[in-house]
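**Student:** Questions regarding the structure given below will be posed in turn.
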There are 2 protein chains.
Amino acid sequence: MKEGPDITLIGSLIGDPARANMLSALISGKALTASELANEANITLQTTSAHLKKLEAGGLIRQRKQGRHRYFNLADEDVATLLETMMGLAAKKGHIRTRTGPKAPEMRKARVCYNHLAGEFGVQMFDSLIGRGFLLEERDEIAITDSGRDFIRGLGINLELLQKAKRPLCKSCLDWSARRSHLAGSLGTALLNHIYEKGWAKRLEDVRVVEFSRRGEAAFHNQFPRLTD
Amino acid sequence: MKEGPDITLIGSLIGDPARANMLSALISGKALTASELANEANITLQTTSAHLKKLEAGGLIRQRKQGRHRYFNLADEDVATLLETMMGLAAKKGHIRTRTGPKAPEMRKARVCYNHLAGEFGVQMFDSLIGRGFLLEERDEIAITDSGRDFIRGLGINLELLQKAKRPLCKSCLDWSARRSHLAGSLGTALLNHIYEKGWAKRLEDVRVVEFSRRGEAAFHNQFPRLTD
DNA sequence: ATTATAGTTAGATTAATATCGAAGTATGAA
DNA sequence: TTCATACTTCGATATTAATCTAACTATAAT
């Protein structure tokens, strides 16, 4: 890593495929061990160790020692925001991941993308919110409408709290599997949490698949109905 | 550039010092020729050409042919946003540019940083807004107060329009020269535009220096007084 | 103690790519 | 036509850094 302007280091850290894979894995918020990250990036543990050292030195990740394990996390919310921004731009520019799309059908159905819902369920939720006039899509910007505010508040979500956050409230995110937009941003995160809190789906360890129960699936479809147009 | 997840390409593009220098130069919004960018990055024109090709293929820049010149720009506002986000994170993590800070004294005084005001004038404006209770600084987040809203509206700035934008309204940005914070975000941009519109300073071509007139300087100090505490 | 698991460090190899020199293309000026 | 400027393409070189094997440290389990 040669000298260069301030953004060079961060760019080169993310610019390596192995490290990018690790960061992508960490973006779900779940703490992962070095071995898990090695597996995620398909490299040996030694190489992983070297990468983790660089990522930590660059301030992108943090580690917690616990017994003989080391758990790694993104350093803070800002790093997650940066990665989200990059993913969004990459999707818009058509840099779709060539190598590994979501393979398993459960992944295509519903999965965690960073910290919001993606997959068919994510797309359906987004379409439903747009279709009922709760969200407004203009070019690439998403805005919430007045009726949308009422709807979200009706779910018991504290909208004012979300708006104070640095992250944009509404943001679209292109879906790998469906090649359609779904909802990111702090509202997207809040809605995923809502799904967990209602018990519609379980938060699985280690995996990004979101597993809906039968009842949860029905409740989801009821809350975010598919509209025939 | 090996295969990898979607963010890898963008990361590696920004991760090269020469390219990062070029992108930093372009972030002011001014279109630059290949030769100018070569000069900015301190590399030969041949190497520059190769870099520009990659940046364009990656969707980060656009080019316009005009006679025997080629003018380069960032591809769109999203790219600028990404770079701003990265600069912000880099500053927070302490990855300050080691090599070249702003040299010329005019640069230290007032310059364009992305699309807001930086340098001593930028820092003073920021301090003044904080000191008069128009902005609130909590940890790394900046928020506008009710009296701040009144003040900004009083300048004739449409605050509601700014808040609808994707970009955060208020954001702090660490100053290279002053090592102090100044105001970025859409409000920062709006205030810089306000300075131009009032005729306090001229928008110079090719250079990032913001040149205040005598009268403009006085008006600026009047509008954003330095507070003795 | 002994063995197993989790991770780091060191050293060698290899692959990627930034860089430049030299030659070529395109536009404009004299 | 000739010359100059702006930029691209080609080919060679050199440097960087990602990767692996092997050896080492630390914690935990038996």
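The values are calculated or read from the model by the stated rules, or taken from the named source; none is laboratory data. Bear in mind the structure is a predicted one, so any value in this text is a computation, not a measurement. Quick reminder, even Gly has a Cβ in these numbers, built from the backbone with ideal geometry, and neighbours come from all protein chains shown. Remember, those area values only see protein heavy atoms, side chains included, never the ligands or the DNA or RNA. Shrake-Rupley method; radii C 1.70, N 1.55, O 1.52, S 1.80 Å.
**Student:** Using 7 Å Cα-to-Cβ label points, what is the A:ARG62/A:LEU155 separation (nm, one decimal)?
**Tutor:** Between A:ARG62 and A:LEU155, the simple spin-label model gives 2.7 nm.
**Student:** Could you give log10 I(q)/I(0) at q = 0.08, 0.14, 0.16 Å⁻¹ for chain A, computed by the Debye formula over C-alpha point scatterers of equal weight, without solvent?
**Tutor:** The Cα Debye sum returns log10 ratios of -0.31, -0.93, -1.18.
**Student:** So if I take the alpha carbon set of the stretch B:7-75, get Rg, then get Rh from the Kirkwood formula, what is the Rg over Rh ratio?
**Tutor:** With Rg and the Kirkwood Rh in hand, the quotient comes to 0.93.
**Student:** Could you work out which residue, out of A:LEU129, A:LEU191, A:LEU159, moves most in a Gaussian network model of chain A, that is, has the largest mean-square fluctuation with Cα springs under 10 Å?
**Tutor:** A:LEU159
**Student:** Of B:GLU40, B:GLU138, B:GLU56, which has the largest mean-square fluctuation in a 10 Å C-alpha GNM of chain B?
**Tutor:** B:GLU138
**Student:** For the protein assembly as shown, report the translational diffusion coefficient in µm²/s to the nearest whole number, using Stokes-Einstein at 10 °C, 1.306 mPa s, and a Kirkwood Rh over Cα pairs.
**Tutor:** Roughly 67 µm²/s, to the nearest whole number.
**Student:** Something else now. Can you work out the Karplus-derived ³J(HN,Hα) for every residue in the stretch A:109-118? Use 6.51 cos²θ - 1.76 cosθ + 1.60 with θ = phi - 60°, whole Hz, and x for glycine or proline.
**Tutor:** Residue by residue, the stretch A:109-118 yields 6, 7, 8, 8, 10, 6, 9, 9, 8, 10 Hz.
**Student:** In addition: Just to check I understand the Karplus step: with θ = phi - 60° and J = 6.51 cos²θ - 1.76 cosθ + 1.60, what whole-Hz values come out for the stretch A:58-67, glycine and proline as x?
**Tutor:** Each residue of the stretch A:58-67 in turn: x, x, 8, 10, 10, 10, 10, 8, 8, x Hz.
**Student:** Ok, one more. Label position 7 Å from Cα toward Cβ: report the copy-to-copy distances for B:ASN39 in nm, one decimal, ordered from shortest.
**Tutor:** Sorted ascending, the copy-to-copy spacings read 5.6 nm.
**Student:** Now for a separate question. Placing the label point 7 Å from Cα along the Cα-to-Cβ direction, what are the distances from B:GLU77 to the equivalent spots in the other copies, shortest first, in nm to one decimal?
**Tutor:** When each copy's label point is compared with this one, the spacings are 2.4 nm.
**Student:** Where in chain B are the DSSP H helices whose C-alpha atoms run 20 Å or more along the long axis and whose mean Kyte hydropathy is at least 0.5?
**Tutor:** Span-like helices, by this rule, are B:77-92.
**Student:** At 1.4 Å probe size, with the rest of the protein present, what percent of the exposed accessible area of chain B is carbon and sulfur atoms?
**Tutor:** Answer for chain B: carbon and sulfur cover 48 percent of the accessible area.
**Student:** Which lysines have a Cα lying under 21 Å from the Cα of A:LYS109, excluding residues fewer than 8 positions away in the same chain?
**Tutor:** Result set, ordered by chain and number: A:LYS30, A:LYS171, A:LYS198, A:LYS202.
**Student:** What's the percent breakdown of Cα-Cα distances in the stretch B:41-92 across 10 Å bins, shortest bin first?
**Tutor:** Taking every Cα pair in the stretch B:41-92, the percentages come to 22, 43, 30, 5, 0.
**Student:** With springs only between Cα atoms under 10 Å, which of A:GLY148, A:GLY94, A:GLY122 fluctuates most in a Gaussian network model of chain A?
**Tutor:** A:GLY94
**Student:** Give me the 1.4 Å probe accessible area per residue for the protein assembly as shown, excluding ligands and nucleic acids, in Å².
**Tutor:** About 49 Å² of surface per residue is accessible.
**Student:** Between A and B, buried accessible area summed over both sides at probe 1.4 Å, in Å² to the nearest 100?
**Tutor:** For chain A against chain B, roughly 3900 Å² becomes buried.
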